[in-house]
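Single-structure report; data block below.
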Amino acid sequence: MHRITEKVVLSENIVKTVFEAPEIARKRRAGQFIILMIDDRGERIPLTIVDSDPVKGTLTIIYQVVGKTTDQLARLEPGDVIQHVLGPLGHPTEIEGIGTAVCVGGGVGIGVLYPIAKALKEKGTRVISIIGARTKKMLILEEESRSVSDELHVTTDDGSYGYHGFVSDVLRDLIAAGTKIDRVFAIGPVPMMRVVANVTRPHGIKTIVSLNPIMVDGTGMCGACRVTVGGKTKFTCVDGPEFDGHEVDFGLLMSRLQMYAKQEQEARERCRCGDHDR
Amino acid sequence: MTDKDKTEKKDKKERIPRQPMPEQDPRVRIGNFDEVPLGYSPETAMLEARRCIQCKKPGCVTGCPVDIDIPGFIRLVADGDFLGAARKIKETNCLPAVCGRVCPQEDQCEKLCVLGKKWDPVAIGRLERFVADYERNAGTVEIPALPAPTGKRIAVVGAGPAGLTIAGDLVKMGHEVTIFEALHKAGGVLIYGIPEFRLPKSIVDAEVEYLQKLGVRIVTDAAIGRLKTIDDLFAEGFHAVFLGVGAGAPVFMNIPGENFSGIYSANEYLTRSNLMKAYRFPEFDTPIARGRNVAVIGGGNVAMDSVRTALRLGAEKAYIIYRRTKTEMPARAEEVHHAEEEGVQFKFLTNPIEYIGDEKGWVKQMVCQRMELGEPDESGRRRPVVVKGSEFTIDVDTVVVSVGTMANPVIPMTTPGLETNRWGYIVTKDETGETTRKGVWAGGDIVTGSATVILAMGAGRKAAKAIHDYVMSL
């Protein structure tokens with residue numbers, strides 16, 4: 001049982017929830033994730049840990065409301081509980097010995113990117129962050145990102161704030177300007193990660209992406225989260241969640257993410273109609 | 001007089017046939033997830049028990065991995081003392097309702113039953129099931145008196161058959177036992193792998209509850225290797241650790257198109273259906289593909305469980321695709337028979353080599369090759385050989401790959417000094433399951449590779465004695 005201590009609606013459909021999980025909070029490192037299950041009828045969904053407070057014993061997650069479970073999660077208020085939380089899972093991000101890193105985050109992915117940028121900064125890395133959203137209202141963690149970055153670029157697809165365009169456009173400009181980049185971390189929607197990987201590939205800049213496929217147990221047992229990387233099948237839960245973006249088969253990842261689109265819609269509508277009052 | 005002579009003499013007196021088990025009608029049961037065999041009545045159980053000739057040197061016991069006093073409990077059943085029979089079994093087996101359902105009795109106790117040499121063996125498994133169900137339904141499950149606490153603390157990693165067994169044994173020796181389980185529910189393969197129609201989950205829950213009443217502490221949602229390492233457990237004051245984490249990781253065939261949507265590992269398919277109750281979606285939130293044409297690749301018990309699940313999820317055609325013939329199939333005869341009765345189509349000497357997907361990346365066809373049998377391989381089964389130019393396609397919209405498992409790497413990866421073999425399984429020094437790491441034992445699938453529930457339980461029992469001696473010597 002994990003009691004919620006804080007809930008903030010960051011923007012339309014993007015919510016931050018802080019809850020108690022003292023043992024995970026002590027052990028967790030940047031890049032790792034949890035599997036949570038709201039109640040005994042719920043599904044198990046993976047979410048990256050955005051922040052942890054080992055003293056208070058809390059974890060912070062940021063998520064976009066897309067289906068039944070995230071919808072239900074977003075309705076939980078401080079004092080409510082999440083039944084099951086498993087973690088920390090996955091390999092922590094490799095953050096040692098990187099001179100300059102560009103951290104590219106899109107939409108809710110900025111929440112996943114932020115702890116990595118923070119950890120890199122703490123290791124003395126020069127951090128250039130590029131964060132973007134569809135529109136100004138949907139941009140999250142701007143101040144937090146600025147606080148851990150030597151340089152921050154903000155983009156919006158509709159030009160309502162910052163640079164009018166995509167995060168990948170800014171990255172392309174940085175590379176064209178001759179900026180020396182040792183590593184790129186790209187986290188966001190799958191199409192965005194694919195574009196970023198395509199931008200850096202010709203320049204041979206190592207690009208790490210963090211994948212969030214459908215998962216069930218999260219411990220390597222079920223194989224739901226398999227992705228093709230470099231022509232080989234990998235399990236995101238134990239081999240990832242981070243992979244070399246130049247090797248990932250993004251098309252396959254996108255189609256597997258759509259596997260339950262119909263059922264998700266059905267479940268969410270039932271939840272909305274209130275005949276599923278839990 | 002030899003046992004056989006006695007058998008014949010007794011048989012002339014009264015030849016009772018092996019009592020059949022009433023079952024749900026196949027046409028009805030493919031529409032539900034309720035248990036298929038319905039169990040003996042007390043009268044049938046007593047009649048079946050009377051078939052036992054009480055051999056002085058019972059072969060059945062030597063065939064049982066946990067040494068149940070089989071003639072002893074059967075005599076009590078024949079006398080109508082069902083609760084006494086339950087106590088007798090529980091002297092050596094803490095999960096009789098499970099074993100009575102899922103043990104391969106025909107290859108163990110019943111195989112060595114003297115009656116089986118001339119007639120049918122005593123239905124030991126069905127009697128075990130009857131006794132356990134009788135005790136549970138009577139609500140008289142007894143909690144035995146425990147010895148004085150030893151002050152020794154033992155961590156068990158994994159709440160499956162091996163872990164539950166060793167926890168029961170150790171707590172009865174007076175030790176403090178904590179089981180750490182990564183899933184949100186205890187039971188391991190008994191709850192995520194074996195379907196409700198073969199092993200109702202309420203039975204597993206009852207067995208787990210019994211252990212908790214004995215004083216075993218169960219911590220769920222605890223991923224050992226991540227949340228805490230084995231070193232952390234020792235630092236927290238545990239005196240010994242038992243690893244019963246199962247084999248886990250699913251094997252795929254590495255053929256083109258295998259990651260298309262609609263293609264599952266058996267572990268995922270069964271976990272969604274059993275543990276997450278996807279068959280009751282949307283009442284439960286986890287979805288599952290309800291395919292119309294479902295192919296299950298493999299010929300083991302897990303493949304039978306998967307294909308029978310597919311039928312119950314509404315498949316119009318459910319195939320078993322197996323590269324050898326029925327003779328070589330590793331599944332229990334009873335499970336194959338149940339699948340046949342339910343309308344599963346068996347495609348023997350057939351092997352998939354590629355999957356073809358639609359424009360959305362969902363599997364729509366599989367390309368197969370015909371096989372023929374050649375010389376026996378290292379497993380003793382005749383090796384399947386490709387028939388050249390025999391490719392053909394089968395229309396499918398869901399595929400379940402059930403070709404085995406391999407070792408899960410997480411604990412070995414995070415435990416210095418724990419030796420594994422080249423397949424990733426944990427190396428043990430002897431049959432007690434002692435590993436190369438001091439104070440750490442292991443047993444079940446993580447040592448042997450995927451095997452049966454009862455063998456994992458046997459491993460738990462052997463390790464319990466060794467761990468007891470070890471912690472008492474500290």
Checklist outcome for this item: From the option list B:VAL241, B:VAL245, B:VAL216, single residue qualifying as in contact with a Gly (Cβ under 6 Å, 6 or more places away or on another chain) and either more than 14 Å from chain A (Cβ to nearest Cβ) or crowded, with 24+ Cβ neighbours inside 10 Å (or both) is B:VAL245
Checklist entry - Quick one: which strands (runs of 3 or more DSSP E) sit completely within region B:335-389 and have at least 1 residues that are among the small types (Gly, Ala, Ser)? => result B:350-357, B:363-376
Checklist outcome for this item: If we take region A:47-136, then strands (runs of 3 or more DSSP E) inside it with 2 or more residues that are closer than 30 Å to A:TYR163 by Cα are A:58-64, A:100-106, A:126-133
Item to check | Count of residues meeting criterion [in contact with a Gly (Cβ under 9 Å, 6 or more places away or on another chain) and either farther than 16 Å from B:LEU38 by Cβ or free of Cβ contacts under 8 Å to residues at least 40 places away in the same chain (or both)] in region B:132-142 | outcome: 0
Checklist outcome for this item: Per the filter on region A:4-60, residues within 21 Å of A:THR93 (Cα to Cα), away from chain B (no Cβ under 14 Å) and of a type in the set (Asp, Glu) are A:ASP51, A:ASP53
Checklist outcome for this item: Among A:ILE95, A:ILE130, the single one that is at pLDDT 95 or above and within 20 Å of the chain's Cα centre (by Cα) is A:ILE130
Checklist outcome for this item: Scanning region A:238-252 residue by residue, those buried (at least 23 other Cβ atoms within 10 Å of the Cβ) and at pLDDT 95 or above turn out to be A:PRO241, A:GLY245, A:VAL248
Item to check | Hey, B:VAL400 buried (at least 21 other Cβ atoms within 10 Å of the Cβ), at pLDDT 95 or above and touching a Ser or Thr at 6+ places or on another chain (Cβ under 8 Å) or not | outcome: yes
Item to check | Extreme residue, nearest to B:ALA186 (Cα to Cα), among residues of region A:211-237 that are facing chain B (nearest Cβ under 7 Å) and of a type outside the set (Gly, Ala, Ser) | outcome: A:ASP217
Next on the checklist: Among the residues of region B:273-332, what is the count of those that are surrounded by fewer than 21 Cβ atoms within 10 Å (Cβ to Cβ) and farther than 29 Å from A:ARG41 by Cβ?
Outcome noted: 10
Next on the checklist: Suppose we keep only residues that are within 11 Å of chain B (Cβ to nearest Cβ) and under 23 Å from A:MET193 (Cβ atoms) within region A:71-117. Which one would you say is surrounded by the most Cβ atoms within 10 Å (Cβ to Cβ)?
Outcome noted: A:LEU89
Next on the checklist: Just to verify a result, which residue in region B:391-414, among those that are part of a loop (DSSP other than H, G, I, E, B) and within 27 Å of the chain's Cα centre (by Cα), is nearest to B:ASP358 (Cα to Cα)?
Outcome noted: B:SER402
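One line per residue, one yes/no per condition, for (1) buried (at least 21 other Cβ atoms within 10 Å of the Cβ); (2) at pLDDT 95 or above; (3) closer than 17 Å to A:THR100 by Cα:
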position: A:HIS164; (1), (2), (3): no, yes, no
position: A:LEU171; (1), (2), (3): yes, yes, yes
position: A:ILE175; (1), (2), (3): no, yes, yes
position: A:GLY178; (1), (2), (3): no, no, yes
position: A:ASP182; (1), (2), (3): no, yes, yes
position: A:ALA186; (1), (2), (3): yes, yes, yes
position: A:MET192; (1), (2), (3): yes, yes, no
position: A:PRO202; (1), (2), (3): no, yes, no
Next on the checklist: Just to be sure I understand, how many residues within region B:62-82 are part of a helix (DSSP H, G or I) and modelled with pLDDT under 95?
Outcome noted: 1
Next on the checklist: So, B:TYR319, is that one closer than 17 Å to B:VAL401 by Cβ, assigned to a strand (DSSP E or B), of a type in the set (Ser, Thr, Tyr) and within 14 Å of chain A (Cβ to nearest Cβ) or not?
Outcome noted: no
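The values are calculated or read from the model by the stated rules, or taken from the named source; none is laboratory data. Keep in mind the model is a prediction, meaning the values are calculated, not measured. Cβ: placed from backbone, ideal geometry, glycine included. Neighbour counts: every protein chain shown.
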